[in-house]
Amino acid sequence: MATTYFTTDHEWLRVEGGIATVGITDYAQEQLGDLVFVELPEIGKKLAKGDTAVVVESVKAASDVYAPVDGEITEANGTLSSDPSLVNSAATGAGWLWKMKLADESQLAGLMDEAAYKAHIA
Amino acid sequence: MTGDDSKHLPLEDIHTAAGARFGAFAGWSMPLTYPAGVMKEHLHTREHAGLFDISHMKLFEVSGPQAVALLNRACPLDAGALDISQSKLSFFLNEAGGILDDLIVTRLGDTRFMVVANAGNAVADEKHLRALAADFDVKVEPLDRVFLAIQGPEAWAALSRAGIETGSLLFMHGVEPRKNWFMSRSGYTGEDGFEIGLPEADARDLVAKLLADERVLWIGLAARDSLRLEAGLCLHGQDITPETDPAAAALMWAIPREIRASGAFIGADALRDAVERGPAQKRVGLKPEGRQPVRAGAALFDANGNPAGHVTSGGFGPSAGHPVAMGYVATALAKPGTRVFADVRGTKIPVDISSLPFTPHRYRKG
């Protein structure tokens, strides 16, 4: 059973079996506007919480997306290379950014659940 | 999002009601995007008609017996050679030939001109012009107007339906169709279009009529920027600055030949020297390979890794369908087709020097 977490940087993580799928929230994609390019991470790259994992580029600006927890990249959403607008149209689904193997599951305790995130952006 | 000291547009309530997202630009709180989003707003302008609130820009009326003499001193311009209603791109230069601002000067009468200045430079421009005006029999009057731009192939038809006929007005000409109105066929998108300065009450009436037309959509500053970049037009403060002269900026076409040779405008000597020497760097269009945008500030390198210049504006061109940018490169590399490399977060992106504009201009010149 997957559990979904949220960060104050407007990312979501769906965690199942020690692997987190990470993306940005609908609120975040709306703030960024139409995305035209996503710079995806290399598989196997080790990231510490707060490191830049992905850069998303809108017509106007480039924005960093940070690793919400420590871990190692296991997969990147290659579909975004040809269709970055998936992040706009399906931020919490087909527009996911990367998957990472968690280094320390106890870090998840510091994240928000959906109700807390909704209160955060309200 | 914006500081308390930001200036607010007179029509801000209309933008708020239209769902605008605001951001700070040149000291103003400006609509950046509307709910349609930058991509749709950009494409809508090229296909139909986009309405822009550009009231952050400033209109100055320059009038009096020595209006021509003042403008010939302030700008590399032959103001007396302009026909009535003719507009011309010009500049305020500093003594070193650097561009203090780019302006549109329109002749309204024998001794009366309209000068349109950029938002970020409006205060400095007024001070500069007033200081110069002290030596001439001339009046400089900043006008309190709402300033709207309507741009795109259907702009003229939308204005016509709103009761404003534009028929005989050609590109880079301006008239005063009503009391305290100034309307020119011009803009900053590369499309046919108009810029209209008018009193607030009239503006509210015109905006209501225009927005009732399904061909017209509000367009924010984000799309204004991508439209002008595709059209190869300079943004002062980025692509042209007090450190760049018209020769390096590839804008010498805006200066009449005889003025280049013998004009007594501020910066004339320095500009003549710069032309004589030839600019060390030149402004060029840049087309990055692939999909990744290359943005302002990125350093450029030649094939051997030597510094070659820098990017001054960059982003994605929704109509071009690829990233677009502008910047300065060493003159030897300025030929279209030359390949350079942009450093983007440590990766070298291949970038080809490209002729400008990226999307063809569609001005109505006659």
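Put simply, of B:P35, B:P10 the only residue that is under 20 Å from B:A208 (Cβ atoms), within 13 Å of chain A (Cβ to nearest Cβ) and either modelled with pLDDT under 95 or part of a loop (DSSP other than H, G, I, E, B) (or both) is B:P35. Here B:R291 passes the criteria (1) of a type in the set (D, E, K, R); (2) within 14 Å of another protein chain (Cβ to nearest Cβ); (3) in contact (Cβ under 8 Å) with a residue 40 or more places away in the chain except the one numbered (3).
Within the option set A:T7, A:T79, A:T52, being among the hydroxyl-bearing types (S, T, Y), farther than 19 Å from B:T347 by Cα and without any contact (Cβ under 8 Å) to a residue 24 or more places away in the chain holds for one residue only, A:T79.
Taken over region B:127-155, the criterion of being in a loop (DSSP other than H, G, I, E, B) and touching a helix residue (DSSP H, G or I) at 6+ places or on another chain (Cβ under 9 Å) is satisfied by B:D135, B:F136, B:D137, B:V138, B:D144, B:R145, B:G152, B:P153, B:E154.
Residues that are more than 14 Å from every other protein chain (Cβ to nearest Cβ) and farther than 23 Å from B:P10 by Cβ were ranked within region B:203-235; the one that is surrounded by the fewest Cβ atoms within 10 Å (Cβ to Cβ) is B:E214.
If the requirement is being part of a helix (DSSP H, G or I), in contact (Cβ under 8 Å) with a residue 60 or more places away in the chain, within 15 Å of the chain's Cα centre (by Cα) and farther than 18 Å from B:F265 by Cβ, which of these qualifies: B:A158, B:A122?
Details: B:A158 fails: within 15 Å of the chain's Cα centre (by Cα).
None of the other options fit; the residue is B:A122.
Here B:D53, B:D78 are screened, and the one residue that is more than 14 Å from chain A (Cβ to nearest Cβ), of a type in the set (D, E) and farther than 21 Å from B:Y188 by Cα is B:D78. Pull up region B:271-313, narrow it to residues that are part of a loop (DSSP other than H, G, I, E, B) and of a type in the set (K, R), then point me to the one that is modelled with the lowest pLDDT. Only one residue tops the list, namely B:R291.
Could you check region B:76-119 and list, in sequence order, the residues that are among the small types (G, A, S) and more than 24 Å from B:A270 (Cβ to Cβ)? Passing the criteria: B:S85, B:S87, B:G109, B:A119.
Among the residues that make up region B:73-87, is at least one of them in the same structural domain as B:A268 (by TED's automatic domain parsing) and under 14 Å from the mean Cα position of the chain (by Cα)?
At the first step, the residues of region B:73-87 found to be in the same structural domain as B:A268 (by TED's automatic domain parsing) are B:73-87.
Still in the running and under 14 Å from the mean Cα position of the chain (by Cα): B:87.
Taking every residue of region B:73-87 in turn, at least one turns out to be in the same structural domain as B:A268 (by TED's automatic domain parsing) and under 14 Å from the mean Cα position of the chain (by Cα).
Taking the criterion of being within 27 Å of B:E200 (Cα to Cα) and either at pLDDT 95 or above or not in a loop (DSSP other than H, G, I, E, B) (or both), would at least one residue in region B:92-102 satisfy it?
Of all residues in region B:92-102, those within 27 Å of B:E200 (Cα to Cα) come to B:101-102.
Still in the list and also either at pLDDT 95 or above or not in a loop (DSSP other than H, G, I, E, B) (or both): B:101-102.
Checking region B:92-102: at least one residue is within 27 Å of B:E200 (Cα to Cα) and either at pLDDT 95 or above or not in a loop (DSSP other than H, G, I, E, B) (or both).
With respect to the conditions (1) in contact (Cβ under 8 Å) with a residue 12 or more places away in the chain; (2) within 14 Å of another protein chain (Cβ to nearest Cβ), B:G321 lacks only one, and its number is (1).
The values are calculated or read from the model by the stated rules, or taken from the named source; none is laboratory data. Treat the numbers as computed from the prediction; the structure is a model and nothing was measured. Every residue, glycine among them, receives a Cβ derived from its backbone with ideal geometry; neighbour counts consider all protein chains shown.
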